[in-house]
Amino acid sequence: MKGNVIKYDEKNINTDLIIPARYLITSDPDYLAEHCMEDLDPDFNEKLKEMGATIMVGGMNFGCGSSREQAPIALKASGIKCIIAPSFARIFFRNCINIGLPIIEFKDFDELHTSDEIEIEFTEGILNNCSTKQKYKIMRMPPFIQEIIQSNGLVNFARKRIL
Amino acid sequence: MGFTITEKILREHCNNNVSAGDFILANIDKCLANDITAPIAIQVFEKIVEGTGKSVFDKNKVILTPDHFTPNKDVASAEQCKILREFAHKNQIINYFEIGRVGIEHCLIPEQGLVSPGEVFIGADSHTCTYGALGAFSTGVGSTDLGVAMALGQCWFKIPESIKFVYNGKLKDWVSGKDLILYTIGQIGVDGATYKAMEFTGDVIKKLSMPNRFTMCNMAIEAGGKNGIIIPDKITEIYLKKVGNKKYKMYDSDKDAEYFNVIEFDCNNIEPQVAFPHLPENSKPISEVDGMKVEIEQAVIGSCTNGRLEDLRIAAKILKTQTIHSNVRCIVIPGTQQIYLEALKEGLIEIFLNAGAIVSTPTCGPCLGGFMGVLAAGERAVSTTNRNFVGRMGHIESEVYLSSPAVAAASAIKGYITAPNYL
């Protein structure tokens, strides 16, 4: 996977910021995407388009707060293909895996910047910052989780089991 | 090597020789969703079972509680609730709670005897960790997890390491479970227990009432915890008897169980706490807060954290023969219909109305800025709820201060944040 970075330095970017509760009156991904991140950055969607950014980098404890799956759904529908942060809140972490949105815990947060082009090789466990020409090791997911991601989310994984 | 209560419960539910750090696919005892999370879970469920003619894994073990934006606050909310209602009917879900019977889920489920010690309980709501107060492994998950659980009766977990929190000493006047958990989050931070089980123990916990135990476990998620848990004891059993729950299995942690960390608190010096905007970790002792004269426009007493009868009794004790400050809107929300009725019988509702508070039907409403008390720009609320994030109760320039019912009630009288001992 290859893409451009959009970075938010804030710690504790919570699910109320990612998708405020006032928009939870529906689960339509496109509607959620329209309002994604707007309380933190009203220009979020425009910036993504302008920069062609698909990889979101955030601060520690990313995704804390409510269990609302609308948060990763909104990000995915906005065009985000991977989320990177030094640490994640646990429900957000599992929601991303469950909807097939790759998520990476990455301690060297300062090494990634807005507009950097990065390439991620999930099976090898390598993150390559093409802009700074630096390579980093990332944690490889346990086989159990890899199977869910490879099934493109938990739904297909479960469907295989029920048939 | 021994095991913690959390490890033991999860081991029992996956037939594997596993411990902290291992990934498992566990059998679940119950699963729960609400009007915000169930619609997506139902979509997921339908995708999984499409063309198989299969129904939910067990119609007795799926619980649906339309409690967040109900009674339906607008057309869109009504549409979401309709999805739950039709799904419940189609799948003959026994524990679907219609308006008139529903309450705030984490007050309602234990009261209905729907969660037991030793169970694995998942809910598509982050505050599902509340039921750890009964010695269950109980945790919040997402809607996809819930949809899969409704189909398979299973959920994947990484067995968490545990942090043991030991509360020693004696509680001061007006200090409650809410103050202990706000203090704890203030000490360790909102990510202080990320991915971990928070096991609450010590002399103070052993004497703590069930409502206070629910409050503490409820906010485990606010420290990033996977679950809060308290070893069940006599107090647990008395509660279970009262709600008619007879079938359960009580676990204990082994003496030689491994903990990620052990943190001890001396409760003799813990005061009532107030968490300042915009994180639950910003807690300060009331002696520091009182002098700041933080003026408020709203006081909310209720929620899955503090909407139980004991909470209302404390608020009523303070509000009796008093008048809500003229600048303050005081909103009291009993957690369930049963709590509402008991509060009515005890004369608590009359006290609230006479003081100039309003009493709402059970709903999550204002806690997440839904309705029934949304804040305008620049307004401040003291609230017995669990989150004070930016915009949580309304406008992004509004502020929420988290506290116990005692502090919220005293503040409603004074018009600024204070505690009963300063009245």
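Scanning region A:9-38 for residues that are touching a residue at least 40 places away in the same chain (Cβ under 8 Å), more than 7 Å from chain B (Cβ to nearest Cβ) and either outside any loop (DSSP other than H, G, I, E, B) or surrounded by fewer than 23 Cβ atoms within 10 Å (Cβ to Cβ) (or both) yields A:ASP9, A:GLU10, A:LYS11, A:THR15, A:ILE18, A:TYR23, A:PRO29, A:ASP30, A:LEU32, A:ALA33.
Could you please let me know if B:ILE314 is touching a Pro at 6+ places or on another chain (Cβ under 7 Å) and either in the same structural domain as B:THR336 (by TED's automatic domain parsing) or assigned to a loop (DSSP other than H, G, I, E, B) (or both)? Judged against the criteria, B:ILE314 is a match. So, in region B:21-44, how many residues would count as being closer than 17 Å to B:ALA78 by Cα and in contact with a His (Cβ under 9 Å, 6 or more places away or on another chain)? Residues that pass the stated criteria total 4.
In region B:152-166, the condition of being crowded, with 24+ Cβ neighbours inside 10 Å, of a type in the set (D, E, K, R) and either in the same structural domain as B:MET219 (by TED's automatic domain parsing) or on the phi < 0 side of the Ramachandran plot (or both) is met by no residue.
For region B:44-63, check the following and say yes or no: at least one residue is among the polar types (S, T, N, Q) and within 30 Å of B:SER162 (Cα to Cα). No, the conditions are met nowhere in region B:44-63. In region B:87-102, is there at least one residue being farther than 16 Å from B:SER143 by Cα and within 13 Å of chain A (Cβ to nearest Cβ)? No; the residues of region B:87-102 include none that is farther than 16 Å from B:SER143 by Cα and within 13 Å of chain A (Cβ to nearest Cβ).
Yes or no, residue by residue, for (1) at pLDDT 95 or above; (2) touching a Leu at 6+ places or on another chain (Cβ under 7 Å); (3) within 14 Å of chain A (Cβ to nearest Cβ):
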{"residue": "B:HIS106", "(1), (2), (3)": "yes, no, yes"}
{"residue": "B:PRO117", "(1), (2), (3)": "yes, yes, no"}
{"residue": "B:THR139", "(1), (2), (3)": "yes, no, yes"}
{"residue": "B:VAL148", "(1), (2), (3)": "yes, yes, yes"}
{"residue": "B:TRP156", "(1), (2), (3)": "no, yes, yes"}
{"residue": "B:ASP173", "(1), (2), (3)": "yes, no, no"}
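Which residues, counting only those in region A:89-104, are more than 8 Å from chain B (Cβ to nearest Cβ) and either closer than 17 Å to A:PRO142 by Cβ or small (Gly, Ala, Ser) (or both)? Listed by number, the residues that qualify are A:PHE93, A:CYS96, A:ILE97, A:GLY100, A:PRO102, A:ILE103, A:ILE104. For region B:12-68, a tally of residues being of a type in the set (S, T, N, Q) and either in contact (Cβ under 8 Å) with a residue 12 or more places away in the chain or outside the structural domain of B:SER253 (by TED's automatic domain parsing) (or both) returns 8. Count of region B:4-19 residues, restricted to those that are acidic (Asp, Glu) and crowded, with 19+ Cβ neighbours inside 10 Å, is 1.
Yes/no per residue for (1) more than 19 Å from B:GLY307 (Cβ to Cβ); (2) in contact with a His (Cβ under 7 Å, 6 or more places away or on another chain); (3) of a type outside the set (Val, Ile, Thr):
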| residue | (1), (2), (3) |
| --- | --- |
| B:ASN168 | yes, no, yes |
| B:ILE185 | yes, no, no |
| B:MET198 | yes, no, yes |
| B:ILE221 | no, yes, no |
| B:LYS226 | yes, no, yes |
| B:ASP233 | yes, no, yes |
| B:THR236 | yes, no, no |
| B:ASN245 | yes, no, yes |
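Check region B:334-344 and report whether any residue there is out of contact with any strand residue (DSSP E or B) (no Cβ under 8 Å at 6 or more places or on another chain), closer than 19 Å to B:VAL175 by Cβ, outside the structural domain of B:GLY132 (by TED's automatic domain parsing) and without any contact (Cβ under 8 Å) to a residue 40 or more places away in the chain. No: zero hits.
Would you check if there is a residue in region A:39-52 being within 19 Å of B:ARG387 (Cβ to Cβ) and surrounded by fewer than 24 Cβ atoms within 10 Å (Cβ to Cβ)? Scanning region A:39-52 turns up at least one residue that is within 19 Å of B:ARG387 (Cβ to Cβ) and surrounded by fewer than 24 Cβ atoms within 10 Å (Cβ to Cβ).
The values are calculated or read from the model by the stated rules, or taken from the named source; none is laboratory data. Everything numeric in this text was worked out from a predicted model, so none of it was measured. Virtual Cβ from ideal backbone geometry, glycine too; neighbours counted across all protein chains shown.
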